[in-house]
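One structure is given below, encoded as structure tokens.
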Amino acid sequence: MSKKLISIFVLTIFVLATVLAGCSSSKNNTSSANETNTQKQETAKPVTIKLGMWSSSPAEKKIVDDQIAKFKEKYPNIDVQIETIVGDYMQKLQTELASNTAPDIFYLDSMPAPQLMSSGVLEPLDDYIKKYNVDVNDFEPALLSAFQWDGKTYGLPKDFNTLALFYNKDMFKAAGINEPPKTWEELRDVAKKLTKDGVKGLVLSADLARFDAFINQNGGSVYQDGKVTLNLPENAQALDFYVSLITKDKVADTPQNMGEGWNGDAFAAKKAAMAIEGGWMIPFLKEKAPDLNYGIAELPAGKQKSTMAFTVAYVMNKNSKHKDEAFKLIEFLTGKEGQQFVVDSGLALPSRKSMQEGFKEKYPERAAFVDGASYAVPWQFGLYGTKVVDAANKACEALIMKQISSAQQALDNAQKEVGQ
């Protein structure tokens, strides 16, 4: 055999060997990839996460159901079971936490949040936030801060509402008023013009959840740096203005004095031309007074703008056996995908700032609620919670009923009642 033929023969053998080796390698790689995928599928075993929520409207239940259905598309191995806690939500939840039967994640309102955050029954979320790169800066600061305690984050807000001024457009037009009031003085003047023919210009409740906005607008605060500060002079000035609209100017009254249950009833019945309430008024008015011609504006400002932020977060049970999966659910429900269901429903405001312009575009008449978010104060008073609310409400009631004449004295009494 010539040298040339030998060279061709050797080259052919080499090429065949290379091709066969490549095929073998390809088969091995494919087999390895299949084994890896199989291992991943075996690792992603079905997990059940319980989600606790209070009994609410069918509309809110539908939001959660739709969110979970979308979540299942993304995480088919995670089954979510809803536990609706009826009756006294916090009492039953605390019983379940004590008996280690509480859901993996659950609703938590901002007011009682400090009690649970400080008691060690909640899982801090900071490590999970970092692990899954959650952008917490997209949440409104007032909302996120309501679920932070001792430097740790325990909840991510799911939605919120602020207070705004509802006003009867027809009554405004009849009184020659072109726009809603923007200051306290304008509020008083407009209320005077609207008070006639058995109608009050404004309905006001003896409720800290409403007049606390006035306190904050006046530069006051009922709770600062872990201490109750009910009797600050700024607080007394604000409460005096609020109550004087009823007792001195006679341009406002409580819903009870109007023969109604709450502010919404009085406004719907056209017994008051203005009311201070949150977004929950919209579905109420749609059902109770569908033909009422009304508008919504930001609250009139005192020394500064301020309103209240009422929010609820998803928090994690410290004893959850599936914490990563539980956090994935929290992340989804409070993330942009989950929040889109909140936007579409219009039931509440999305807690993410990046979603709020979309909400305003969809519901331009509700812009006042969104615009108030940047200067809102969370509805929360540390571990004193309802003690502060009860004492402040009694002070306001005593002033309205003229059992005491001085707002400062009324708040001094409230401060003592709280025990500080």
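Quick notes on this one:
- Given charges at beta-carbon only (K, R positive; D, E negative), |dipole| of region 238-324 in Debye: 340 debye
- Annotation for region 101-171 versus region 321-350: alpha-carbon center distance of 12 Å.
- Peptide packing: for 284-296, 333-345, the average count of neighbouring Cβ atoms within 10 Å per residue gives the ranking 333-345, 284-296, highest mean first.
- Normalised per residue, the accessible area of the chain is 48 Å², obtained with a 1.4 Å probe and no contribution from ligands, DNA or RNA.
- Using C-alpha pairs below 8 Å separated by at least 6 residues, the relative contact order for the chain is 23 percent.
- Here the accessible area of the chain is 52 percent carbon and sulfur, with a 1.4 angstrom probe and all protein chains present.
- Each peptide in 353-362, 261-270, 121-130 gets a packing score, the mean of other Cβ atoms within 10 Å over its residues, and the list from highest to lowest is 261-270, 121-130, 353-362.
- Residue order by solvent-accessible surface for ILE276, ILE404 is ILE404, ILE276, largest first, with ligands and nucleic acids left out and a 1.4 Å probe.
- Amide hydrogen proximity for TYR294: with H placed 1.01 Å from N in the peptide plane, the residues at 5 or more positions away or on another chain lying under 5 Å are LYS169.
- With all protein chains modelled, accessible area of SER406 [1.4 Å, Å²]: 50 Å²
- Relative contact order of region 38-143, pairs being alpha-carbon contacts under 8 Å that are 6 or more residues apart, as %: 32 percent
- Between the helical axis of 323-334 and the longest alpha-carbon principal axis of the chain there is an angle of about 60 degrees.
- If only the Cβ of Lys and Arg carry +1 and only the Cβ of Asp and Glu carry -1, the dipole of the chain around its Cα centre is close to 920 debye.
- Qualifying aspartates and glutamates (Cα of each under 14 Å from Cα of LYS169; at least 8 residues distant if same chain): GLU179, ASP291, GLU365
- Shape category assigned to region 283-391 from the gyration tensor of Cα positions, a/c cut at 1.5: oblate
- Global geometry of region 145-275, whether rounded, prolate or oblate, following the gyration tensor of its Cα atoms and the 1.5 cut on a/c: prolate
- Label-zone membership for region 175-203, site ASP249, 7 angstrom Cα→C-beta point, backbone N under 15 Å: 180-196, 200-203
- Cross-link pairs exceeding 29 Å between alpha carbons, from the set LYS158/LYS193; LYS62/LYS328; LYS286/LYS360; LYS353/LYS394; LYS200/LYS303: LYS158/LYS193; LYS353/LYS394.
- Considering only the chain, percent of DSSP beta bridges that pair antiparallel, nearest 5: 60 percent
- Heavy-atom accessible surface of GLU365, to the nearest 10 Å², is about 100 Å², with a 1.4 Å probe and all protein chains retained.
- Rounded to the nearest 10 degrees, the inclination of helix 385-400 to the longest alpha-carbon principal axis of the chain is 20 degrees.
- Here LYS227 sits with roughly 130 square angstrom of accessible surface, probe radius 1.4 Å.
- Answer label for Kirkwood radius over Cα pairs in Å (calculated), chosen among [x] 27.0; [y] 24.5; [z] 22.5: [y]
- Degrees between helix 58-74 axis and first principal axis of the chain (Cα, 0 to 90, nearest 10): 20 degrees
The values are calculated or read from the model by the stated rules, or taken from the named source; none is laboratory data. From a predicted model like this one, the values you see are computed outputs, not experimental measurements. Don't worry about glycine lacking a Cβ; one is built from the backbone with ideal geometry, like all the others, and counts go over all protein chains shown. When the accessible area is computed, the model is the full protein with side chains, heavy atoms only, and any ligands, DNA or RNA have been set aside. Shrake-Rupley method; radii C 1.70, N 1.55, O 1.52, S 1.80 Å.
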